[in-house]
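Heads up: the structure comes next, in structure tokens.
The values are calculated or read from the model by the stated rules, or taken from the named source; none is laboratory data. Note that this is a predicted model, so its numbers are computed, not measured. Positions of Cβ are generated from backbone atoms using ideal geometry, with glycine treated the same way; all protein chains shown enter the neighbour counts.
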Amino acid sequence: MAPSSDIGEPNDAASSNSLMEDTTSTKKRCLNSSSNGTLTPPSSSFTGTLKPPSSTYHSIVTLTLQSSSRDSLHTPPPLPTLPFELIVEILSKLPVKSLIQFQCVCKSWKSLISDPKFAKKHLHMTTKHHHLISAFASSVPYEFIHMSYPLSSVFTEVTTTAMQLEYPLMNRYRFDPIVGSCRGILCILDYSFVFLWNPSIRKFTKLPSFEDSSSHMLDFSFGYDHSSDSYKVVAFYIHEFVINGNRVMKIIVKVHTLGTNSWRRIQDFPSRSFFEDSSGKFVCGTINWLTYRDRTSSLKTIISLDLETESYLEIVQPNSEGNNYSRIGVLRDCLCLFSRSSDTFTDIWLMKEYGNKESWIKLFRVPDIRDLDSFPYVYPLYVSEDDQVLLQIESELFVYNSRDGTFKDLNIRNTNGVTGTTVYHESLISPCF
Amino acid sequence: MAQEASSSTSSKTISLKTGDGEIFEIEASAAKQMKTVQRLIDDLGDDITIPLHNVFSKELPKIIEYYKKDITGEITKDFEAEFVKDLNDDEVKVLFLAANYLDANKLFEFLSQNIADRLESKSVEYVRKYFGVENDFTPEEESKLREERAWSFRGIKEDE
């Protein structure tokens with residue numbers, strides 16, 4: 001087999017900006033990771049590499065002309081080889097598992113596949129890489145099993161190739177909640193330690209310890225700041241102290257930027273708010289919490305932390321009849337509000353343009369699948385392109401078809417609560433520095 | 001995505017001549033989707049036969065078929081599945097190269113995804129042959145890499 005002269009330098013394609021998505025040219029806030037519009041299309045710069053060496057040219061001709069007399073070939077003509085740039089285009093559309101295997105193909109491929117620029121290009125490719133991770137207690141006492149299901153097969157009838165993930169930590173006597181999932185990295189809370197784990201490439205890292213032990217740990221959240229290309233973990237804790245005999249409560253916020261070795265204190269959380277559901281949701285470069293306006297009010301508001309400026313803003317909710325019981329989440333890369341104002345359905349509101357209160361739309365009204373308790377756990381996790389909603393109802397997972405109003409039971413085992421089930425977008429991005 | 005053709009090209013067809021000398025007709029609006037063709041039309045005018053040295057009579061009709069569907073907005077997942085159903089891996093590769101040469105973005109994206117889908121369950125050896133890539137690892141290096149990645153190799157089809 002003749003060595004290909006078209007492969008070129010190992011890092012050529014990987015370092016060339018014209019090949020990798022130029023992330024600075026996309027809108028700062030809402031990088032729609034599933035949009036194919038952001039891909040670098042084949043440009044006229046490729047026609048330069050297409051002037052093939054004459055041997056390849058002949059091979060194309062030979063292949064075509066002999067196609068009708070394939071049977072009479074004694075020696076097969078040399079197959080056309082692709083320039084490295086085109087190989088990159090194909091590789092970026094493969095699932096992570098295949099790419100890990102294909103690092104064994106040759107040195108330039110191994111280099112490419114572990115290049116962070118390629119990881120970014122790969123990340124933005126398709127929604128085919130979306131998975132559902134669910135965790136449940138195994139029959140072995142105190143152990144939990146993490147399973148991963150490709151979302152494409154969850155929505156179709158195709159049999160799921162569920163994969164068990166190898167949890168990197170020793171299972172303790174409780175389930176370690178997954179507090180965030182962003183660009184292929186999961187943020188896991190193990191007592192007072194925070195871990196970042198990419199299960200697709202089997203890399204994990206432990207964050208520096210959180211020094212303040214005198215306080216009550218409230219919440220950790222996880223997100224990505226596009227402007228500095230960095231991952232941030234946000235920790236909240238309540239700090240109670242006494243001033244002039246009065247008990248005062250502050251919500252102290254610290255941020256850890258992956259790659260640094262400390263937690264930095266930032267502005268306190270707008271102090272008169274409490275948490276309804278303490279897990280912050282990452283969307284559009286911000287982390288969002290649904291909170292009560294103050295200690296006495298039952299009015300809720302959404303507070304958002306911008307990961308670039310590390311400052312807060314209030315997001316106005318949509319006009320709904322009386323969101324007595326609501327949660328927030330992220331669907332289709334947009335901030336969503338799930339509200340129950342009566343006892344028989346959940347409204348899914350979606351903010352099409354982040355921060356613009358006029359852009360709230362009511363996406364779906366999901367009826368209750370059966371009689372549920374007064375404050376049931378109904379949590380939409382994902383919406384497919386054809387308007388099917390994956391949701392967790394109490395401790396079970398269903399797909400609601402909004403077009404015909406039917407439910408499908410997924411028979412996927414998982415623990416109770418949102419920390420047991422996460423949508424995960426597989427990637428090559430490593431949390432290790 | 002159908003382009004709104006200007007009145008002078010709305011029902012015009014362009015003649016394309018393949019590298020092996022055959023001539024095919026294509027609607028001007030479909031030709032617009034192939035940037036290389038459009039550039040040649042801009043340079044040479046739309047009245048003459050456009051020469052495409054690197055595309056041949058086996059591939060061009062298939063490409064034209066794709067873009068005929070595209071301009072009427074009829075490209076569906078079913079159509080795309082049908083389109084590649086009877087093509088073997090090498091035929092798809094040649095078609096992909098042609099789409100790249102023609103700078104036909106939509107077809108290029110579709111075919112690159114299709115090739116990726118085909119390669120997903122293939123072995124490392126198959127992939128090397130397919131791309132004409134030489135293994136420049138020593139046997140020791142390669143076996144070490146495979147050992148480190150043993151978990152990713154579970155469930156692979158035997159080489160065809």
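Determine whether the range A:99-109 contains at least one residue that is crowded, with 21+ Cβ neighbours inside 10 Å and more than 8 Å from every other protein chain (Cβ to nearest Cβ).
yes
Report yes if some residue within the range A:403-417 is surrounded by 19 or more Cβ atoms within 10 Å (Cβ to Cβ) and assigned to a strand (DSSP E or B); otherwise report no.
no
Looking at the range B:48-68 only, could you name the residues that are in contact with a Ser or Thr (Cβ under 9 Å, 6 or more places away or on another chain) and over 24 Å from A:L82 (Cβ atoms)?
B:I48, B:T49, B:I50
Would you check if A:R340 is free of Cβ contacts under 8 Å to residues at least 60 places away in the same chain, farther than 30 Å from A:W109 by Cβ, among the charged types (D, E, K, R) and buried (at least 21 other Cβ atoms within 10 Å of the Cβ)?
Yes.
Please find, within the range A:290-312, the residue that is farthest from A:N356 (Cα to Cα) out of those that are of a type in the set (V, I, T) and outside any loop (DSSP other than H, G, I, E, B).
Pass one, the range A:290-312, residues of a type in the set (V, I, T): A:291, A:296, A:301-303, A:309.
Those left that are additionally outside any loop (DSSP other than H, G, I, E, B): A:291, A:301-303.
Working: A:T291: 19, A:T301: 15, A:I302: 13, A:I303: 14 Å.
Restricting to residues being of a type in the set (V, I, T) and outside any loop (DSSP other than H, G, I, E, B), the top hit is A:T291.
Starting from the range B:53-81, take each residue that is closer than 21 Å to B:K93 by Cα and modelled with pLDDT of 90 or more and list its partners that are of a type in the set (S, T, N, Q) and surrounded by fewer than 17 Cβ atoms within 10 Å (Cβ to Cβ), counting only C-beta distances under 8 angstrom and pairs at least six apart or across chains.
B:K58/A:S67
What single numbered condition from (1) of a type in the set (A, V, I, L, M, F, W, C); (2) closer than 30 Å to B:S57 by Cα; (3) modelled with pLDDT under 95 fails to hold for A:I90?
All conditions are met except number (3).
Report, ordered by the first and then the second residue, all pairs with beta carbons closer than 7 Å, sequence separation of six or more or different chains, a first member in the range A:387-414 that is under 19 Å from A:S339 (Cβ atoms) and among the small types (G, A, S), and a second member that is at pLDDT 90 or above and not in a loop (DSSP other than H, G, I, E, B).
From the range A:387-414, the pairs are A:S402/A:F364; A:S402/A:Q388; A:S402/A:V389.
Got a number for residues in the range B:99-119 being of a type in the set (A, V, I, L, M) and within 17 Å of B:D70 (Cα to Cα)? Walk me through it before giving the result.
Going through the range B:99-119, the residues of a type in the set (A, V, I, L, M) turn out to be B:99, B:102, B:104, B:107, B:111, B:115-116, B:119.
Filter again for within 17 Å of B:D70 (Cα to Cα), leaving B:99, B:102, B:104, B:107, B:111.
Residues flagged as of a type in the set (A, V, I, L, M) and within 17 Å of B:D70 (Cα to Cα) within the range B:99-119 amount to 5.
Being more than 21 Å from A:S114 (Cβ to Cβ) and either acidic (D, E) or at pLDDT 75 or above (or both) is the filter here; which residues of the range A:408-431 pass it? First the steps, then the outcome.
Kept after step one, since they are more than 21 Å from A:S114 (Cβ to Cβ), are these residues of the range A:408-431: A:408-423.
Correct list: A:K408, A:D409, A:L410, A:N411, A:I412, A:T421, A:T422, A:V423.
Find all pairs meeting these conditions: Cβ atoms under 9 angstrom apart; at least six residues apart or on different chains; first residue within the range A:87-98 and more than 7 Å from chain B (Cβ to nearest Cβ); second residue aromatic (F, W, Y).
Matching pairs, first to second residue: A:V88/A:F118; A:L91/A:F102; A:L91/A:W109; A:L91/A:F118; A:S92/A:F118.
Are any residues in the range A:384-402 farther than 27 Å from A:F144 by Cα and in a strand (DSSP E or B), and if so, which ones?
Here is the first cut: in the range A:384-402, the residues farther than 27 Å from A:F144 by Cα are A:384-388, A:400-402.
Within the range A:384-402, A:Q388, A:Y400, A:N401 meet the criteria.
Quick one: A:D347 ticks every box in (1) over 22 Å from the mean Cα position of the chain (by Cα); (2) at positive phi bar one, so which box is it?
Among (1) over 22 Å from the mean Cα position of the chain (by Cα); (2) at positive phi, the lone unmet condition for A:D347 is (2).
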